Amino acid sequence: MKSLFRKIDKPLFILTIIYTLLGLVMVLSASSVSAVLRYNVSTYYFFIRQLIFVGIAFFVGFFFILRIPIKKYRILGPIYALASLSLLILVICYGVIAGGARSWLPLGFFNLQPTEFAKTALIIYMAVFYDTSLKKKRPFAFNFVPIILAVIMFFLIAMQPDFGGAVIIAGIAFFVFLCVPFPKKNKVRIIKFLGIGAALGVVALLYSGSDLLNKTQLQRLQFQAPCSRYTEDTGYQVCNGFIALHNGGLFGVGLGNSTQKYLYLPEAHTDFILPILIEELGLIVGIIVILGYVYMLYRILKIAKSADSVRNALLCYGTFIFILLHLLVNFLGILALIPLTGVPVPFLSYGGSFTLNIILMTFVVQRVSVETKTNKEKRELAMLK
């Protein structure tokens, strides 16, 4: 274990610990009021559950993910992708409706959210598939297999409906594909195909008469000037987020002293965790948190560029895109720059399935770092002999 720990990326590991601990503190603060007044449970209910998920994620990360060679993902990747696809189908039939979406499978002790597992499954599957495809020089048409999987996942998630999750799935598929070292000619052909396919898909969706774009979903497209639409759901939430940001000022009102968490922000411990953080700790801390995310993404990108295989690099690029898209969709949504889609903030927001996946993917990146440094040491020893 000491050998593994020596080869992990220390700055990324420290940032992961810091953000996870900060997330636990903010979940406790943001959820303490709604836990009692809205859910009629203990003040510490969401904090304890989040602590359990964090504990499980770090346990699995340390004792399994860091120890499992990435080459074994060649078998695990397709199995994980098939399992995630099955769960997405299952949730459409038997899922629990909450917040207007059928996105959770009840397991008794917690509700599983298949969308979050689909995101990491797609990253792993694409990394494994394209690594093998390039090595075996498969025919051009084979490169569409992961894209077809992503399209199926996209529509299954949109049917819940969860457009935030669907957009992130599409973003992961598109940007991971761009990171694959295809010949330029082939890449241009596939991008053209994807562009035409996306346009046809949008047209089919608009004219299908499906409930995918019901009245509630269409209202989300009205995202500008939220405080002038205070009586509407999207206007109400975002405007109260603005109030939280304004209340915080430069230095905040103090940890635990938020007023907007008193049911003004219905999802204070999930989607709107950043406004609560800024309200309590101030804009300066908020800016530091954002800069910390930038540095975290830089570390992941650095590990990706130094990886010595396509598979390992794509796993890191996929994780980079996963985190970046969540940050952009959440932050731009709460600032009313794009429609609000209900996407959690990495490491900070409450959510069992999301917390497990985001932490475990950082451990996958750490495993890539370990293998890169191990292979480098082997090459240096071989040169000395």
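Here are the numbers for the structure shown:
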| read-out | value |
| --- | --- |
| Check on Leu12, in contact (Cβ under 8 Å) with a residue 60 or more places away in the chain and surrounded by 14 or more Cβ atoms within 10 Å (Cβ to Cβ) | yes |
| Check on Ala83, at pLDDT below 85 and either assigned to a helix (DSSP H, G or I) or in contact with a Phe, Trp or Tyr (Cβ under 7 Å, 6 or more places away or on another chain) (or both) | no |
| Hey, Lys135 outside any loop (DSSP other than H, G, I, E, B), modelled with pLDDT of 90 or more, closer than 25 Å to Pro69 by Cα and of a type in the set (Lys, Arg) or not | no |
| Lone qualifier among Thr20, Thr43 - being part of a loop (DSSP other than H, G, I, E, B), touching a Ser or Thr at 6+ places or on another chain (Cβ under 9 Å), on the phi < 0 side of the Ramachandran plot and not charged (D, E, K, R) | Thr43 |
| Matching helices (runs of 4 or more DSSP H) fully within region 258-368 where at least 3 residues are farther than 29 Å from Phe177 by Cβ | 273-281, 283-306 |
| Region 55-70, residues that are more than 19 Å from Tyr125 (Cβ to Cβ) and not in a helix (DSSP H, G or I) | Leu66, Arg67 |
| Residue, surrounded by the fewest Cβ atoms within 10 Å (Cβ to Cβ), within region 55-103, restricted to residues that are touching a helix residue (DSSP H, G or I) at 6+ places or on another chain (Cβ under 6 Å) and of a type in the set (Val, Ile, Thr) | Ile65 |
| Condition met for Phe129 (farther than 29 Å from Pro339 by Cβ, surrounded by 20 or more Cβ atoms within 10 Å (Cβ to Cβ) and touching a residue at least 24 places away in the same chain (Cβ under 8 Å)) | yes |
| Flag if Phe154 is part of a helix (DSSP H, G or I), farther than 16 Å from His326 by Cβ, aromatic (Phe, Trp, Tyr) and at pLDDT below 90 | no |
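The values are calculated or read from the model by the stated rules, or taken from the named source; none is laboratory data. The structure presented is a predicted model; accordingly, all values stated were derived computationally and were not measured. Reconstructed Cβ throughout: ideal geometry from the backbone, glycine too, with neighbour counts over all protein chains shown.
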